Amino acid sequence: MIDVLIVDDNPIVRSAIRVFLASEDDIRVVGEAPDGRTATASVQRLRPTVTLLDHRMPIADGLSVIGRLAEYSAVLVMTSDSSAEVIAGMLLGGARGYLVHGEFDPAELLRAVRAVASGSSWLSPAVASVAISVLREHAVQQRAVADQGDRLLRERESFGLTAREQAVLELICGGLSNAAIGRRLLITEKTVKNHLNHILTKLGVANRTEAAMRWTGRR
């Protein structure tokens with residue numbers, strides 16, 4: 001049995017969907033919610049197989065709660081919004097399907113519900129092309145972040161800092177004074193200053209601010 005939660009601020013829409021789904025032997029509507037905040041509480045309590053989610057709602061819209069809903073249920077977005085920003089936010093937030101009002105019929109809604117309930121995805125044709133572009137761009141951005149992290153790691157390794165010097169520098173990056181670093185690491189302030197001098201020499205910088213910027217890759 002596929003348990004469904006309907007989330008839409010329009011009571012007429014919720015009622016129509018409920019009546020339509022009630023005719024299916026393998027689908028059961030277990031609840032309704034008029035806004036994102038109510039939906040968040042309902043999905044945690046009911047743990048529906050599928051949540052039908054609108055975007056434009058009062059109090060909390062669909063985009064603001066998609067991440068929390070997706071933790072407990074397969075989310076199928078049903079909205080009139082076909083903007084790239086909303087599509088990207090919903091899919092990256094965890095939505096398993098996305099249907100645009102006016103671009104699907106009742107039969108497709110049933111196929112979509114069953115698809116996402118089984119772990120598959122379902123996208124309206126207009127959404128699919130946007131999704132491919134969005135996800136490709138996201139992958140490129142993630143790769144760029146990973147590459148930047150790899151470069152920073154290699155650069156840090158080239159500095160040749162000891163484990164203690166790295167610990168001191170991390171605390172410097174956190175804005176701690178020499179005295180506070182000493183208390184945190186259980187060493188004297190003089191020892192912290194000695195470590196700092198070694199750090200400045202190895203990083204080739206003149207002061208703690210420049211050291212922090214070099215260590216975090218913000219130079």
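The values are calculated or read from the model by the stated rules, or taken from the named source; none is laboratory data. All values derive from a computational prediction rather than experimental measurement. Cβ placement follows ideal geometry from the backbone for every residue including glycine, while neighbour counts extend to all protein chains displayed. Note: accessible area is taken over every heavy atom of the protein model, side chains too, but ligands, DNA and RNA are not part of it. Shrake-Rupley method; radii C 1.70, N 1.55, O 1.52, S 1.80 Å.
Things to note:
- About its Cα centre, the dipole of the chain is roughly 1520 debye, where the only charges are +1 on Lys and Arg Cβ and -1 on Asp and Glu Cβ.
- Helix-only mean residue ellipticity at 222 nm for the chain, each DSSP H run of n ≥ 4 adding -39500 (n - 2.57), per residue, nearest 500: -19000 deg cm²/dmol
- Per residue accessible area of the stretch 1-116, 1.4 Å probe, in Å²: 43 Å²
- The solvent-accessible area of Arg28, taken with every protein chain present and a 1.4 Å probe, is close to 120 Å².
- Distances between placed amide hydrogens fall under 5 Å for Ala60 paired with Gly36, Arg37, all partners being 5 or more residues away or on another chain.
- Of the listed residues Glu137, Glu71, Glu24, the order by accessible area with a 1.4 Å probe, largest first, is Glu71, Glu137, Glu24.
- For mean projected area of the Cα convex hull in nm², calculated from these coordinates, the label among [x] 15.4; [y] 11.1; [z] 16.3: [z]
- The stretch 72-219 - percent of accessible surface contributed by carbon and sulfur, probe 1.4 Å: 53 percent
- Cα gyration tensor, the stretch 69-118 - rounded (a/c under 1.5), prolate or oblate: oblate
- Charge dipole of the chain about the Cα centre (unit charges at C-beta), most positive-ward option of Ile181, Gly31, Leu171: Ile181
- For the stretch 1-59: rounded, prolate or oblate by the Cα gyration tensor [a/c cutoff 1.5]: oblate
- Separation of alpha-carbon centers, the stretch 159-186 and the stretch 78-143, rounded to whole Å: 47 Å
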